Amino acid sequence: MDALALHHQGQIPLLRNKNFMLLFYGKLVSQLGDVIYNIAVGWYILSVTASAIETAVFMALGAVVYLVAAPYGGVMADKVSRKWLMVMTDLIRGGVMGIACLIMFIGIESIWIFYILAIILSVCGALFVPASNALIPLLVKEEQLTKANSMSASIQSVTNIFGLIAGGVLYTMLGVVGVLLLNALSYTLSGISEMFIEDVQSNNNEKPQRSSVIRDFGESMSYLKQKEGFYPLILVFGLINLLITPVFAVYTPYIFNQVLKTDPLQYSFVGVAAAVGFLIGAGVLSALKTSGAIHRKIKLGLFLLSMIFVFILCLMISYSSGIMEASSVVTFFIVAAVVVGFSEAFIFIPVNVAVQKLPNHLLGRLSSLIQTLVMISVPIGLVAGGVVTDLFNMTTVLLVTTGLFILLTVSLFKVKSISAI
């Protein structure tokens with residue numbers, strides 16, 4: 001497709017942009033399967049082991065593999081067809097999910113199956129994510145980036161609303177084997193949808209060698225150093241991830257599974273509420289001016305998130321003191337989750353917009369590099385969160401986490417260079 005055709009395509013409304021909507025629907029289907037899968041597997045491992053550290057190690061494994069593969073995935077996204085990279089990774093994920101489903105169906109049940117799946121899914125994800133992110137600016141005009149990213153980010157919220165409830169119900173009805181089958185189908189359908197996207201990329205299609213990956217990664221590091229505000233933002237976000245990740249991936253499911261003793265459906269309502277909040281936040285962002293004030297939106301999101309952490313801490317103190325019953329805590333947790341989702345929209349969508357305004361021929365490797373640097377702290381946070389959850393009282397853990405998060409938020413407000421983004 002030539003530049004003129006792309007220009008005209010970018011002028012049409014997003015909902016009538018065939019390529020963008022194929023990408024949108026493909027990601028919608030696969031992420032719906034992911035949400036159902038993640039809640040089922042997480043609950044399954046926690047129920048079997050009754051250990052937060054076991055669950056945390058499982059999630060940390062996937063994060064570590066993703067970090068190792070991400071630089072290669074970013075370079076691949078700039079050297080080969082982004083469309084076909086997405087198609088192949090979705091079909092591979094669908095295939096391995098189907099194989100795992102068959103293995104467990106014939107009676108071979110082991111947690112190690114999910115560890116192997118975590119490795120394969122993470123490698124595929126490390127290739128898929130930079131390709132899909134770098135494809136968006138080729139499908140829409142720059143003025144539509146905020147709305148396109150809001151729609152793309154809203155996929156996770158929409159799938160959470162339906163997937164988290166469905167995950168709790170389907171896990172209860174079908175077990176983990178049925179969930180594996182559904183996720184296999186969702187990845188396959190996503191890959192088929194992406195086949196019909198017009199390949200708008202004009203890369204050189206050269207096969208990246210290991211040496212070129214290292215060289216390109218180094219060049220990307222040098223380029224980012226010249227962009228004022230990006231490195232401080234990456235550093236602060238890495239530290240924030242260190243604190244946020246265990247809160248939502250370890251502490252919250254542990255609180256519902258082991259402290260409040262709820263069923264998976266009640267826990268899923270928290271995720272649904274967060275998804276609704278994210279959709280509201282994405283809608284508000286779409287209605288705002290599409291340019292400027294990115295740093296103000298990020299700071300507002302972090303401020304709201306700090307306040308909601310204080311609220312959650314108060315909930316757990318009230319429960320441990322006998323002031324509130326478990327049912328009341330669940331209700332207020334759901335309310336808090338709406339604000340959490342709203343806050344995350346104001347943090348992550350503006351960051352994606354800022355990244356996608358970088359030069360497109362470098363966008364795959366630059367976005368992958370930024371994501372890698374930000375996510376380095378994720379496996380550390382997961383493992384540390386699992387350890388402290390098994391060793392200390394949850395109220396104490398939340399108290400320390402909340403204090404550190406507020407300190408980091410205040411620090412971000414004082415970093416003037418971030419205002420240049």
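The values are calculated or read from the model by the stated rules, or taken from the named source; none is laboratory data. This one's a predicted model, so the numbers in the text were calculated from it and none came from an experiment. Cβ atoms come from the backbone with ideal geometry, glycine included; neighbour counts cover every protein chain shown. Protein only, heavy atoms only, side chains kept; ligands, DNA and RNA dropped before computing areas. Shrake-Rupley method; radii C 1.70, N 1.55, O 1.52, S 1.80 Å.
Would you calculate, for the chain, the mean residue ellipticity at 222 nm contributed by helices, counting each DSSP H stretch of 4 or more residues as -39,500 (n - 2.57) and dividing by all residues, to the nearest 500?
Computed ellipticity for the chain at 222 nm equals -28000 deg cm²/dmol.
Putting +1 on Lys and Arg Cβ atoms and -1 on Asp and Glu Cβ atoms, find which of 413, 305, 373 reaches farthest to the positive end of the dipole of the chain. It is 413, whose Cα lies furthest towards the positive end. Along the range 304-310 the Karplus relation, 6.51 cos²θ - 1.76 cosθ + 1.60 evaluated at θ = phi - 60°, assigns HN-Hα couplings of 4, 5, 4, 5, 6, 4, 4 Hz to successive residues, with x for each Gly and Pro.
Protection proxy ranking, highest mean first, for peptides 74-84, 379-389: 74-84, 379-389, where packing is the per-residue count of other beta-carbon atoms within 10 Å, averaged. What you get for the chain, charging only the Cβ of Lys and Arg (+1) and of Asp and Glu (-1), is a dipole of about 1000 debye around the Cα centre.
Expressed as a whole percent, the accessible surface of the chain that belongs to carbon and sulfur atoms is 69, based on a 1.4 Å probe.
Charge dipole of the range 79-192 (Cα centre as origin; +1 on each Lys and Arg Cβ, -1 on each Asp and Glu Cβ, all else neutral): 280 debye, rounded to the nearest 20. Each of 336, 232, 252 was placed along the dipole of the chain (beta-carbon charges, centred on the mean Cα), and the one lying farthest toward the positive end is 232.
Quick one: accessible area per residue over the chain, 1.4 Å probe, rounded to a whole number of Å²?
The answer is 42 Å² per residue.
Equivalent-ellipsoid semi-axes for the range 264-317 (Cα gyration tensor, √(5λ), whole Å, largest first): 26, 17, 6.
Here the Karplus curve 6.51 cos²θ - 1.76 cosθ + 1.60, taken at θ = phi - 60°, turns the phi angles of the range 275-288 into couplings of 5, 4, x, 5, 4, 4, x, 5, x, 5, 4, 5, 7, 7 Hz, with x standing for Gly and Pro.
Across the chain, the relative contact order, built from alpha-carbon pairs under 8 Å that are at least six residues apart, equals 30 percent. A simple spin-label model places the labels of residue 223 and residue 15 3.5 nm from each other, with each point 7 Å out along Cα-to-Cβ. When the trypsin sites (Lys or Arg not before Pro) in the range 288-339 are filtered for DSSP coil states and for at most 13 other beta-carbon atoms within 10 Å of their beta-carbon, the remaining sites are 289.
Computed with the Debye formula from one identical point scatterer per Cα of the chain, without solvent, the log10 of I(q)/I(0) at q = 0.06, 0.08, 0.09, 0.10 Å⁻¹ comes to -0.23, -0.42, -0.54, -0.68. Toward the positive end of the charge dipole of the range 1-128, with +1 on the Cβ of Lys and Arg and -1 on the Cβ of Asp and Glu, the farthest Cα among 74, 15, 62 is that of 15.
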